[in-house]
1. Looking at the stretch 57-149, which GluC sites (Glu not before Pro) are in a loop (DSSP not H, G, I, E or B) and have at most 16 other Cβ atoms within 10 Å?
2. Fewest Cβ neighbours within 10 Å first, please rank 57, 135 accordingly.
3. Expressed as a rounded percentage, what relative contact order does the chain have, with Cα pairs under 8 Å and six or more residues apart?
4. Taking amide H positions as placed 1.01 Å from N in the peptide plane, with prolines and chain starts having none, which residues 5 or more places from residue 71, or on another chain, fall under 5 Å of its amide H?
5. Starting with the fewest neighbours, write out 131, 148, 141 ranked by other beta-carbon atoms found within 10 Å of each beta-carbon.
6. For the stretch 54-149, what size does the Cα cloud have along each of its three principal axes, sorted from largest down, in whole Å?
7. Which of 18, 52 comes first, and how do the rest follow, when ranked by fewest Cβ neighbours within 10 Å?
8. Just to check I understand the Karplus step: with θ = phi - 60° and J = 6.51 cos²θ - 1.76 cosθ + 1.60, what whole-Hz values come out for the stretch 106-111, glycine and proline as x?
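Computed from the coordinates by the stated procedures, all read-outs in this text should not be read as laboratory data. Since this is a predicted model, take the numbers as computed values, not measurements. In this analysis, Cβ positions are derived from the backbone assuming ideal geometry, glycine residues included, and neighbour counts consider all displayed protein chains.
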Amino acid sequence: MSNSCDDSVPSQILPSPEPNRLAIVVQRDLEIGPKANAIAIVSGGLQCEAFETAIPDASGNFHAAIRWNLVVLQAKSSSQLQKLLLAAQEHPVKAVAFAKLGQDLSNSFASYKEMVASYQTQEFELIAVGLFGNDTFVRTLTKSFSILK
């Protein structure tokens, strides 16, 4: 794992001998641009758990260094994402949410941070949830979602 990440990840979801998995579930009715944006942001939210430092090739260019399989799935609604996030609390997985508010506040991180901290999760219109953890737990949590097309 990258040394730039903190130690806030619970020990039960740190890499183990068993395979881990990433899953990103995004609202299917988003336009392609906002959908790709939400997927990228949630991936970034899981970067300390699932990615290594970029790998340089022989020419000096860097390549993404993802450690585990990543699947992108689709949800029918924000409420389905809310239920996923709630269910994730019952398993030893890392979960990261992203709300429409985040896209509405483009390049306004201070405002976004303040607003997120002042609302309960159920008050947000979630547009994506990312999960990282043991392959079996992540598959269990995401079995009702279909592959993003």
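1. Listed in order of number, the matching sites are 90, 125.
2. Going from least to most buried by this count: 57, 135.
3. It rounds to 36 percent for the chain.
4. 22, 23, 24
5. If I rank by nearby Cβ atoms, fewest first, I get 148, 141, 131.
6. Sorted largest first, the three principal extents are 49, 35, 28 Å.
7. Listed from fewest to most nearby Cβ atoms, that is 18, 52.
8. Values, residue by residue: 3, 6, 10, 4, 4, 5 Hz.
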